[in-house]
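Below: one structure, written as structure tokens.
The values are calculated or read from the model by the stated rules, or taken from the named source; none is laboratory data. In this text, all values refer to a predicted model and were calculated from it rather than measured experimentally. Every residue, glycine as well, gets a Cβ built from its backbone with ideal geometry; the counts of neighbours run over all protein chains shown. Please note that ligands, DNA and RNA were not included when accessible areas were found on the heavy atoms of the full protein model with its side chains. Shrake-Rupley method; radii C 1.70, N 1.55, O 1.52, S 1.80 Å.
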Amino acid sequence: MQTNPDDSLIGAIRIGNEAVFEDIFRLHYAPLCRYALPILHDTDEAEEVVQTVFLAIWERRETLLITSSLKAYLYRAVHNRCLNRLDQQKTQAAHRERAAMELYADVPSPTQAVFADELSTRLQHAIGQLPEQCRRAFELSRFDELSYKEIADRLGIAAKTVENQIGKALRILRTELSDYLPLLCLLAGEAIC
């Protein structure tokens, strides 16, 4: 039976050896970021994906099962996360486009079109400024239309935490977009405030 040459490293990670994990992180972090960059076309996104992969490995270290080389496993994990991120971005872009089309369909004047574009830009910026977990929960709820339970399962947190994070996101967005709420309510013709 052939053994994996990385078994001792994987075993050290599995038992929580932080020094070995940090050595592996230092060795592979920069090359993995360089690998992710051409896929995502964004340095910050590439770094976040790589960090997420390492975080997931550490969090699941006790049940970590790697049958290939550690390096191959890391590259495959980063590749898959990059593809997932691209899918999320496509879904979000489709939702934004659909929302913009619906908004523009109801906005006949050029002034209102400019307002809608500015509001969309401000909304995207405000969502981008949310704390990471808060933003992810909000996007999964509003853009991917997942239930609190589905979000909780995906993020590995309690459903009550998801509810709190989405409530927090809405409070922050309400504050960030407070200048636009009266006009938005007027244009929408419904009580969204």
**Message:** For K160, give me every one of the lysines with a C-alpha distance below 22 angstrom, ignoring sequence neighbours fewer than eight places off in its own chain.
**Reply:** K149, K168
**Complete:** Computed from the beta carbon distance with a Förster radius of 25 Å, FRET efficiency for L55 and R96 to the nearest 0.05 stands at 0.35
**Sum of side-chain charges, L70 neighbourhood, beta-carbon under 15 Å (Lys, Arg +1; Asp, Glu -1)** = +2
**Prompt:** What is the extension gain from E150 to N17, computed as 0.36 nm multiplied by their sequence separation minus the C-alpha to C-alpha distance, in nm to one decimal?
**Reply:** 44.6 nm
**Request:** Mind grabbing the accessible area of T121 for me, 1.4 Å probe, Å², rounded to tens?
**Result:** 80 Å²
**Asked** Which whole-Hz ³J(HN,Hα) couplings does segment 118-125 yield from phi under the Karplus relation 6.51 cos²θ - 1.76 cosθ + 1.60, θ = phi - 60°, glycine and proline marked x?
**Response** 5, 4, 4, 5, 5, 5, 4, 5
**Prompt:** For T67 and T121, what does the FRET efficiency come to when R0 = 41 Å and r is the distance between their Cβ atoms, rounded to the nearest 0.05?
**Reply:** 0.30
